[in-house]
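To start, the structure under review is shown below, and the notes come after it.
We did not get these values from a lab; they are worked out from the coordinates using the rules stated. Only a predicted model underlies this, so the values are computations on that prediction, with no experimental measurement involved. Note that each Cβ is placed from the backbone with ideal geometry, even for glycine, and that neighbours are counted across all protein chains shown.
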Amino acid sequence: MDLFELTTEAIDIGAAARRIVPPECGATVTLDGYVREFTRGKQTLYLIYEAYEPMALKEMEKLGASAREKFEISNIGIIHRLGKLEIGETSVVVTVAAPHRKDAFEACAWLITKLKKTVPIWKKEFYADGWAWVESSEP
Amino acid sequence: MDLFELTTEAIDIGAAARRIVPPECGATVTLDGYVREFTRGKQTLYLIYEAYEPMALKEMEKLGASAREKFEISNIGIIHRLGKLEIGETSVVVTVAAPHRKDAFEACAWLITKLKKTVPIWKKEFYADGWAWVESSEP
Amino acid sequence: MNSTSIKVNVLFFGAAAELTGKRNEEIAFPAGVNAAGARESVLAAYPLLGERYRGSLLFSLNEEYADGGEVLKDGDELAFFPPVSGG
Amino acid sequence: MNSTSIKVNVLFFGAAAELTGKRNEEIAFPAGVNAAGARESVLAAYPLLGERYRGSLLFSLNEEYADGGEVLKDGDELAFFPPVSGG
């Protein structure tokens, strides 16, 4: 069973990975993205993620469906945190279970790359001297 | 700080990933391998991992050093479970934190492939009608 | 409102909400307007939004990315937002 | 034991332990024997091990993979094991 969630609560990445494991599978690959203290040399104090929630969930489900067409995978979990995040907290988890780990690695890498391009979520960084909406994250 | 462990206790993959996260990093990729119920069409009831423990730890540390030469990564964690494992339990976790997720994906995939070839650990599967030492796992 | 106009629920997200000063607004458009036409009207109505995002402002119709040719209907939900930055 | 022999602590792991019936054994070898020579002696001493793993039995000297040319010293630890299957 796939899992697509937006949450304002802290993400437990181990629990996320565990929730998508089917008994016939051999490997799960999990990408854990988190709040960096320094980006482009500037110190971030905390940040806020905002989403167009219903559309973000639809886009996450579409990515899941496309990933299943491209890779031989069993289950997918995508959880994105919203609201205020402190340094070091997990912002996103993408976890993929597959019979063979190569598919899990490839699908996980593909999903996070696409998520950053298509899922309507925006990041606002707060500094000691102000704040900025992030226009493009690491591609 | 890197982390290389052999343990007979259940592995918490989220905790493993979290232990290697440095504040400047952006992404952690974690491979979670676990006991399959069916391999080659045969039902496994449980299994036992045995290791040449001091050499296995040395080999894990060597893999960590080689990965650092090949990829731009911050920290590595490798934990392998030993002893008796039930179906669905995590046998191995390889987790890599890196400033850029591409390096984390590549290093994690490289480490698990090498681990399966060089780290002296052996798997014995138990079935309803007997048992077998596994001669080669998925490459 | 007359019979040749439609009402659309317009949403703004991220920096687009700050540059318009609102998160949502009901806007009347002439019947038959397509999504690209509505986008032009909105950019014209909010000059700071147009200045900052004329070329890059994304938009969706009823929670799906729009390509611009879609003809709007009364009660549609049209959203405007900057390039996404989740992850 | 005479002065021209050495004692080596030999370990067996995985299926190799079952095919020899032991996990470790102190074995005397002639002084000057190398790791490959010791491997041949062990395979000869344990026919089932030799039958099953003549071509593929791996070995390590003092916790490092051996290539065979290493000359053994008194007190060395020599381990024999099948291809690994962790993960």
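Brief remarks on what is shown
- Shown for segment A:69-115 is the translational diffusion coefficient from the Stokes-Einstein equation, using the Kirkwood radius over Cα pairs, a temperature of 25 °C and a viscosity of 0.890 mPa s: 211 µm²/s.
- Here is how far apart the A:Gly88 label points are across copies: 3.2 nm, shortest first, using a point 7 Å from Cα toward Cβ.
- Across peptide B:105-115, the average count of Cβ atoms from other chains found within 10 Å of a residue's Cβ is 3.
- Counting Cβ atoms of other protein chains within 10 Å of each Cβ in B:52-59 and taking the mean gives 5.
- Relative contact order (%) - chain C, alpha-carbon pairs under 8 angstrom, separation at least six: 40
- Database remark: amide H of D:Val10 closer than 5 angstrom to the amide H of D:Glu25, D:Glu26, D:Ile27, D:Leu78 (H placed geometrically; neighbours at sequence offset of 5 or more, or on other chains; Pro and chain starts carry no H).
- Over 30 Å between alpha carbons, listed pairs A:Lys42/B:Lys62; A:Lys42/B:Lys70; A:Lys70/A:Lys116; B:Lys84/B:Lys116: A:Lys42/B:Lys62
- Added length on full extension, which subtracts the Cα-Cα distance from 0.36 nm per residue, A:Leu3 to A:Leu45: 12.1 nm
- FRET efficiency, 1/(1 + (r/R0)^6) with R0 35 Å, evaluated for A:Lys70 and D:Glu25 via beta carbons: 0.05
- Considered as an equivalent ellipsoid built on the Cα gyration tensor, segment A:10-64 has semi-axes of 28, 18, 10 Å, the largest given first.
- Computed over the protein assembly as shown, the ratio Rg/Rh where both radii use C-alpha atoms and Rh is Kirkwood: 1.15
- Counting only DSSP beta bridges whose two residues both lie in chain A, roughly 85 percent are antiparallel.
- Of D:Gly37, D:Gly75, D:Gly55, the one that fluctuates the most in a GNM where chain D has Cα springs shorter than 10 Å: D:Gly55
- Rounded to the nearest 10 degrees, the inclination of helix B:101-118 to the longest alpha-carbon principal axis of chain B is 40 degrees.
- For segment C:1-48, trypsin sites (Lys or Arg not before Pro) are listed when DSSP marks them as loop and at most 13 other Cβ atoms sit within 10 Å of their Cβ; the list is C:Lys22, C:Arg23.
- Here segment D:1-66 and segment C:31-84 have alpha carbon centers that stand 76 Å from each other.
- Label spacing, shortest first and in nm, from D:Ile27 to its equivalents in the remaining copies (7 angstrom along Cα→Cβ): 8.3
- Among the GluC sites (Glu not before Pro) in segment A:69-126, those placed in a DSSP loop whose Cβ has at most 14 other Cβ atoms within 10 Å are A:Glu72, A:Glu89.
- Near B:Asp2, the amide H atoms lying under 5 Å from its own belong to B:Ile76; only residues 5 or more places off or on other chains count, and H is placed 1.01 Å from N.
- The same position A:Gly130 in the other copies lies at 7.4 nm from this copy, comparing label points 7 Å beyond Cα toward the beta-carbon, shortest first.
- Counting only Cβ charges, +1 for Lys and Arg and -1 for Asp and Glu, the dipole size of chain B around its Cα centre is about 260 debye.
- Couplings 3J(HN,Hα) of segment D:58-66, computed from phi: 8, 8, 10, 10, 6, 6, 10, 3, 9 Hz, in residue order, whole Hz [Karplus 6.51 cos²θ - 1.76 cosθ + 1.60, θ = phi - 60°; x for Gly and Pro].
- For the rotational copy pair D/C, the chain D residue whose Cβ lies nearest the symmetry axis, together with its distance in Å, is D:Gly87, 15.
- Per-residue HN-Hα couplings for segment C:67-73 [Karplus 6.51, -1.76, 1.60; θ = phi - 60°; Hz; x = Gly/Pro]: 9, x, x, 5, 7, 7, 10
- Remark: mean inter-chain Cβ contacts per residue of D:26-37 equal 0, using a 10 Å Cβ-Cβ cutoff to other protein chain atoms.
- Of all chain B residues, the one whose Cβ lies closest to the rotation axis that maps B onto A, given with that distance rounded to whole Å, is B:Gly14, 1.
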